[in-house]
Each structure stands twice: as structure tokens, then as C-alpha cells.
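Inspection log for the structure reproduced underneath, given as C-alpha cells.
The values are calculated or read from the model by the stated rules, or taken from the named source; none is laboratory data. Everything quoted here is computed from the prediction, not taken from an experiment. Ideal geometry is used to build each Cβ from the backbone, glycine not excepted, and the neighbour counts take in all protein chains shown. The area values use the complete protein model at the heavy-atom level, side chains included, leaving out ligands, DNA and RNA. Shrake-Rupley method; radii C 1.70, N 1.55, O 1.52, S 1.80 Å.
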Amino acid sequence: MRDSRSLADPPACGRFLLAAFLSGLAWFGGQGQVLYWGAGLAVAGFLMLAVYHEHVQRQRQRHGLLRQINEHAVARLHRDWTALPELPVEAPPPQRAVADDLDLFGHGSLFHWLCAAQTPTGIRVLRDWLLEPASPEEIPRRQQALVELAPRLELRQTLTLEGRLLADRGQATDRFLSWAEGRPWLTDRPWLLWPCRTIPAAGVLAVALAGLQVVSVELAAITVLTVVLLNFLLSVLFVGSVHDIFTLIYARSGSVRRYLRMFELLYAMPDSATELDAVKREATTLGGGALGRLRQLNRIAGLTRLQHSALLFVFVYLPLQFLFLFDFHVLNLLEAWQTRYGRYARGWFLALGKFEALSSLATLVYDHPEWTLPEVRASADRFQARQLGHPLLRNETRVANDLEIGPAGSILLVTGSNMSGKSTLLRAAGVNAVLAQAGAPACAERLVIAAAGPGDQHADPRFAGRRRVVLHGRVAALKRNRRPGARAATAIGTRVAVPPG
């Protein structure tokens with residue numbers, strides 16, 4: 001990757017810009033045509049260099065973030081938790097005990113290690129995939145999608161990059177969706193909408209009639225002045241509420257360009273028979289497709305930026321506002337988009353969130369090609385693993401074991417001294433079961449596990465108060481026995497009771 005520091009060195013670039021600007025001042029006091037042309041070229045060069053400098057700064061920011069992304073990838077390989085960014089997320093209360101026992105969320109957790117999603121929707125999708133087992137039909141499609149995404153390293157890193165470039169990490173997305181699915185503000189106030197249309201029209205009509213000499217210039221001037229006064233009054237009374245909506249849309253339009261690039265990455269994926277193709281169809285067919293509709297929204301939202309430029313505010317925005325009530329007409333365009341396409345927005349962002357979640361899990365396939373894609377079978381009656389290890393442990397410290405739990409009615413006895421790894425072995429089974437039922441690869445040479453059935457996530461009353469995890473389609477309880485000196489761990493069928501150790 002090319003080093004952009006020399007292109008965007010602030011002191012050197014600043015001195016050059018200052019020299020170009022001072023040279024441009026000669027235009028005002030120079031003598032002779034040569035000096036005039038030289039000063040004009042200097043001013044033009046200054047403007048071009050300013051634009052180029054802004055471009056270089058953006059490239060420098062992108063390169064810096066790409067470097068961070070690769071540093072985080074190395075930290076992920078080494079399980080360096082302090083160097084790996086942590087996104088705050090919590091399990092819902094009914095599933096918190098399982099999440100705590102298996103370290104699914106929090107610092108040094110499975111989610112901390114896996115998540116490359118940056119949008120709120122992508123984070124929630126990945127969280128839910130780790131908590132809710134996928135159906136037996138969906139798991140193979142997800143696995144195939146991960147295999148398809150794994151070698152596309154540049155695409156996955158670009159997806160993460162565009163997410164990190166969101167000004168607020170996409171936190172305004174939920175508020176935007178609330179607006180998109182809500183009631184239109186101006187359309188619901190016809191007593192305000194129609195004056196906003198008729199008053200500016202009266203001013204235009206008066207000027208047109210005066211031009212045709214149908215009415216006097218004086219009458220047209222009085223009409224236009226009255227229009228300006230009424231428009232000023234309406235602006236004072238209501239433009240605050242209009243700008244509150246613009247603030248939301250403007251913040252979103254700044255991010256729409258990022259979202260558009262993220263959707264473009266999804267659109268660029270080839271058609272296939274995997275879960276990725278189903279996600280792509282959600283984004284490309286719902287409401288006519290996310291790309292076209294968000295581009296349309298971005299163009300409309302661009303009109304709200306006139307007031308944010310000092311020059312345009314004075315010479316363009318104020319005349320348009322006081323003569324034609326510009327803000328209200330822009331809001332009317334936004335609400336037309338809201339009424340027609342707003343109900344599809346949540347589906348688009350959900351598809352993008354699934355794309356991010358698949359990209360996060362595909363990193364496992366890329367980073368650990370020696371791991372296996374589990375066989376999740378509805379007919380399986382046991383948890384059967386060869387060289388099973390805990391995925392959150394470093395390669396040099398991880399101890400792999402063959403493990404078989406089940407079928408129902410059989411007994412597995414695990415013994416050993418304190419701190420000998422009994423709990424780690426059982427947690428390795430639980431965490432790999434979570435990965436398997438999310439459609440991700442497992443830390444094993446081979447893993448066969450039963451598909452989770454309806455109700456498998458719920459508590460078994462005979463294990464009330466204990467911590468639970470879905471384990472090959474059954475409820476397994478990790479029981480904490482406080483008796484000192486207890487050294488045995490037993491697994492009966494598919495239910496596992498573990499004294500501390």
C-alpha cells in the first residue's frame with residue numbers, strides 16, 4: 001500500500017497553499033497583463049490544490065483505517081484482546097446465563113473475537129445468530145456462503161472500512177428507520193402544506209402577469225413583498241421543525257454514500273445457491289432495490305446542504321426560502337420518498353446486516369482453514385468431535401481432545417484435579433456447538449452435532465437455576481458445585497453437571 005504521508009504532509013502542503021494564495025493577491029495590485037495572467041493562474045492553482053489536498057486527506061484516512069483493520073486481524077489471530085476493538089453488546093435477559101457461562105459476549109468473548117460488523121443492524125444480526133440456532137436447512141447455505149466469501153479478503157476489508165467511516169458508526173440508522181417508517185410531518189398538516197404551495201405561486205403569478213402587462217408593476221411589487229413577509233413568518237414559525245428532520249436526513253445523507261458503497265459490494269457478489277444469494281435478493285428486489293432508492297434519497301437530501309455553505313446560504317438559500325419556501329418543498333420531496341419507499345428501508349438494512357454477519361464468520365474460514373465445517377444433522381443422536389479445541393485459546397496453549405456425548409441414557413465420566421481443564425473441555429463443546437448452529441466453522445478436525453429443535457433453547461425445569469447451553473439439540477446444564485474438593489465432572493446423556501475445577 002502506498003504511503004500517503006508525503007502527499008498530505010500538513011506543514012509542507014500548508015506552506016505551498018499559503019504561497020499560492022499570496023501569489024493570487026497580486027491579481028488585485030499587479031501591473032501589466034503578464035502579472036494578471038500569472039496571478040489568475042496562481043489563484044486557480046490554489047483552488048485546484050485545495051481540492052486535491054482534501055482528496056489526499058480522505059485517502060490518508062482510508063489507508064490509516066485499512067492499516068488498523070489489518071492490525072486487528074493479526075490481533076485476532078493471536079487472541080490479543082487488548083488490541084482488538086470491542087463493540088458493546090448484551091444478550092437478552094432470558095439468554096444471559098448461557099452467554100455468561102460460555103463467554104459469548106464481553107471482553108475476551110466469542111463476539112469480541114468474531115465481530116467485524118460496524119452497523120447496528122449487523123451487530124444485532126451476529127448477536128442473534130450466536131444465540132438462536134439456525135434451521136437445519138439454513139446452516140448448509142450459510143456454510144457455503146462463508147466458503148464463497150472467505151477468499152474475498154479485499155471485499156470483506158472494504159466492507160469493514162466503509163462501516164468504520166460512518167460518522168457515528170451508524171448510530172443514527174435506527175432514528176432514520178423510525179422516520180422512514182413513520183408518518184410524514186408536512187403531509188399530515190394540510191393546513192400548512194397548501195399555503196406553502198399557494199403563497200409562492202401567487203408571487204410567481206404576479207411577476208408573470210406584470211411581465212405580460214396584465215397588471216401594474218406596482219401591484220406585482222406589493223404582491224411579491226407580501227409573499228416575502230408571509231414566507232418569512234412561516235419560516236420563523238415552522239422552519240425549526242423542518243430543520244430537525246433535515247438534520248436527521250443530512251446526517252444520514254453523509255452516511256448514505258458509505259451505505260451505498262456497502263450495498264454496491266453486496267450487489268457485486270455473483271449469483272449462487274447460498275445464503276448470500278438470498279441476502280442479495282432482499283437488497284436488490286425489495287422496493288425496487290436499495291441502491292437505486294438510496295441514490296434517489298441522496299440526491300434529494302443534497303438539497304438540504306445549501307444552508308451549510310456560507311456563500312450559498314446568502315446568495316442562493318435565503319432568496320429561495322423567502323421567495324418560494326424552499327425548505328418546505330424539499331421536505332415535501334423527502335416525504336414523497338418516505339411514503340413510497342420508507343417501508344422497505346428496514347429490510348434493506350437487515351440484508352446489509354446479514355451480509356456483515358456472514359463476512360464476520362467468513363473470516364474464520366479464511367484465518368483457520370484447518371478447522372471444519374460441522375455436520376449438523378437432524379438424525380444425529382450424539383455430540384461427536386475429533387480433536388476438539390476451545391476456539392478462544394491461542395494455538396500454542398490449546399489442547400485438543402476427542403469427545404463424544406450421548407446418545408441419551410449413556411454416561412460420560414470426566415475426572416481430574418483442579419485446574420486440569422474439565423470446565424474448559426465442556427465449554428469448548430458448548431462454544432463449538434454455538435458456532436456450528438450459527439453455520440460457522442468449528443475448532444475441530446471433525447464435528448457431528450444434531451440440529452436444534454423447537455424449544456431447545458428454553459430452560460429444563462429439572463435444571464432450574466443452572467446455566468444452560470444448546471448442545472446437539474438438547475439442553476445441557478453447567479452446574480456449579482461449591483463443595484470444596486469436588487473433582488469429578490459427569491455427563492449423563494446430553495445433560496452435563498460440572499463441579500468446579
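Things worth noting here:
- Test: residue in the stretch 312-328 that is open to solvent by less than 60 Å² (accessible area, probe 1.4 Å) and on the phi > 0 side of the Ramachandran plot: yes
- Set Leu225, Leu266, Leu209: member being under 24 Å from Leu165 (Cβ atoms) and either open to solvent by less than 60 Å² (accessible area, probe 1.4 Å) or not charged (D, E, K, R) (or both): Leu266
- Any hit, the stretch 175-185, residues being of a type outside the set (Gly, Ala, Ser), open to solvent by less than 10 Å² (accessible area, probe 1.4 Å) and under 26 Å from Lys280 (Cβ atoms): yes
- If the condition is being in contact (Cβ under 8 Å) with a residue 60 or more places away in the chain and either open to solvent by less than 20 Å² (accessible area, probe 1.4 Å) or among the basic types (Lys, Arg) (or both), then the stretch 373-391 contributes Pro374, Arg377, Arg382, Phe383, Ala385, Arg386, Pro391.
Residue-wise test of (1) in contact with a Phe, Trp or Tyr (Cβ under 8 Å, 6 or more places away or on another chain); (2) within 30 Å of Arg258 (Cα to Cα).
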position: Glu138; (1), (2): no, yes
position: Leu159; (1), (2): yes, yes
position: Arg164; (1), (2): no, yes
position: Ala172; (1), (2): no, yes
position: Trp179; (1), (2): no, yes
position: Pro195; (1), (2): no, no
position: Thr226; (1), (2): no, no
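- Test: Val227 is closer than 21 Å to Pro184 by Cα, in contact with a helix residue (DSSP H, G or I) (Cβ under 6 Å, 6 or more places away or on another chain), touching a residue at least 40 places away in the same chain (Cβ under 8 Å) and β-branched (Val, Ile, Thr): no
- If you check Val365, Val414 for being hydrophobic (A, V, I, L, M, F, W, C), in contact with a Lys or Arg (Cβ under 8 Å, 6 or more places away or on another chain) and surrounded by fewer than 22 Cβ atoms within 10 Å (Cβ to Cβ), only one passes: Val414.
- Residue match in the stretch 159-173 (condition: open to solvent by 70 Å² or more (accessible area, probe 1.4 Å) and modelled with pLDDT of 90 or more): no
- Any hit, the stretch 228-243, residues being open to solvent by 50 Å² or more (accessible area, probe 1.4 Å), modelled with pLDDT of 90 or more and within 30 Å of Ala134 (Cα to Cα): no
- Flag for Asp402 being acidic (Asp, Glu) and surrounded by 13 or more Cβ atoms within 10 Å (Cβ to Cβ): no
- For the stretch 402-417, the criterion of being on the phi < 0 side of the Ramachandran plot, hydrophobic (A, V, I, L, M, F, W, C) and in a loop (DSSP other than H, G, I, E, B) is met by at least one residue.
- Contact map, the stretch 167-190: first residue under 21 Å from Phe238 (Cβ atoms), second residue charged (D, E, K, R) and modelled with pLDDT of 80 or more, Cβ cut-off under 7 Å, separation 6 or more or different chains; pairs are Pro184/Glu335; Leu186/Glu335; Thr187/Glu335.
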